[in-house]
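The values are calculated or read from the model by the stated rules, or taken from the named source; none is laboratory data. Predicted model, so just to flag it, every value in this text is computed and none were measured. Counting neighbours? That spans all protein chains shown, and the Cβs are built from the backbone with ideal geometry, glycine included.
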Amino acid sequence: MELMSMKGCRFVDNKKVTDFSFDDKTGCISDVVCDNETYKADAVILAVGTSTVQELTKKSATLSTREEFLKVLNLDASDLVSTNLWLDKKIRIPFARNVCSSFDDSSGWTFFNLNDLFDEHRNSPATILQADFYHANELLPLKDEHIAAKVMS
């Protein structure tokens, strides 16, 4: 953020975006509205998830008239956490592909033995696992070590 600030980017804290304005000539967002304040914008980056863009689109008089934002309302999203683990030795895993459900009563998950699935890992002295957790919103704030422990459990 420091580099962007040095280049002229302005960050505004503790403000909730409520609407936008479009420049009809460029077809780009020209203003960001936060409550009763309007900020001119050369560019806007929406670094938020799908559900937040959907919420903004529904509440915005401007975005709700734009086809590219209306199409976002058709998206269905779920949070995903994916991790690869390199174990220090070979471990026998009966199946290369595994599907599990009711992990922590909220998310489903799959895990794969990459040694069995990919030639590039077949002769590795380590076991290489990939675990994907679906509907993983509760896992998103966890540190890597906690997610690795869940895979190993």
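Taking the criterion of being over 27 Å from His135 (Cβ atoms) and surrounded by 12 or more Cβ atoms within 10 Å (Cβ to Cβ), would at least one residue in the stretch 65-87 satisfy it?
Yes; the residues of the stretch 65-87 include at least one that is over 27 Å from His135 (Cβ atoms) and surrounded by 12 or more Cβ atoms within 10 Å (Cβ to Cβ).
Determine which single condition Thr38 fails, assuming it passes every other condition in (1) assigned to a strand (DSSP E or B); (2) in contact with a helix residue (DSSP H, G or I) (Cβ under 7 Å, 6 or more places away or on another chain); (3) of a type in the set (Ser, Thr, Tyr).
Going through the list (1) assigned to a strand (DSSP E or B); (2) in contact with a helix residue (DSSP H, G or I) (Cβ under 7 Å, 6 or more places away or on another chain); (3) of a type in the set (Ser, Thr, Tyr), Thr38 breaks only (2).
Take the stretch 30-45 and flag every residue that is surrounded by 13 or more Cβ atoms within 10 Å (Cβ to Cβ) and free of Cβ contacts under 8 Å to residues at least 24 places away in the same chain. Spell out the reasoning first.
Of all residues in the stretch 30-45, those surrounded by 13 or more Cβ atoms within 10 Å (Cβ to Cβ) come to 30-34, 38-39, 41, 44.
Within the stretch 30-45, Ser30, Asp31, Val32, Val33, Cys34, Thr38, Ala41 qualify.
Do any residues in the stretch 90-113 that are modelled with pLDDT of 80 or more have Cβ atoms under 6 Å from those of residues that are in a loop (DSSP other than H, G, I, E, B), where the two are at least six apart or on different chains, and which pairs are they?
Asn113/Ile93; Asn113/Ala96
Out of the residues in the stretch 101-152 that are within 20 Å of Lys89 (Cα to Cα) and among the basic types (Lys, Arg), state the one that is surrounded by the most Cβ atoms within 10 Å (Cβ to Cβ).
Ranking the qualifying residues of the stretch 101-152, first place goes to Lys150.
Can you tell me how many residues within the stretch 12-26 are among the aromatic types (Phe, Trp, Tyr) and over 11 Å from Tyr39 (Cα atoms)? Lay out the reasoning, then the answer.
Taking the stretch 12-26 as the starting set, the residues that turn out to be among the aromatic types (Phe, Trp, Tyr) are 20, 22.
Pick out the ones that are also over 11 Å from Tyr39 (Cα atoms) and you get 22.
Result for the stretch 12-26: 1.
Would you confirm whether any residue within the stretch 69-80 is at pLDDT 90 or above, within 30 Å of Gly8 (Cβ to Cβ) and assigned by TED's automatic domain parsing to the domain that holds Phe20?
Yes, that holds for at least one residue.
Mind checking which pairs have a first residue in the stretch 117-130 that is in contact (Cβ under 8 Å) with a residue 40 or more places away in the chain and a second that is among the hydrophobic types (A, V, I, L, M, F, W, C) and not in a strand (DSSP E or B), Cβ under 7 Å, 6 or more apart or different chains?
Once the first residue is in contact (Cβ under 8 Å) with a residue 40 or more places away in the chain and sits in the stretch 117-130, its partners that are among the hydrophobic types (A, V, I, L, M, F, W, C) and not in a strand (DSSP E or B) give Thr127/Ile91; Ile128/Leu114; Leu129/Leu114; Leu129/Val151; Gln130/Leu114.
From Lys90, Lys15, Lys25, which residue is assigned to a loop (DSSP other than H, G, I, E, B), more than 23 Å from the chain's Cα centre (by Cα) and surrounded by 11 or more Cβ atoms within 10 Å (Cβ to Cβ)? So that I can check it myself, show each step before the final result.
Values: Lys15 fails: more than 23 Å from the chain's Cα centre (by Cα); Lys25 fails: surrounded by 11 or more Cβ atoms within 10 Å (Cβ to Cβ).
Going through Lys90, Lys15, Lys25 in turn, the sole match is Lys90.
Given (1) surrounded by 10 or more Cβ atoms within 10 Å (Cβ to Cβ); (2) under 30 Å from Val151 (Cα atoms), where does Ala61 come up short, assuming only one miss?
Tallying (1) surrounded by 10 or more Cβ atoms within 10 Å (Cβ to Cβ); (2) under 30 Å from Val151 (Cα atoms), Ala61 fails exactly one: (2).
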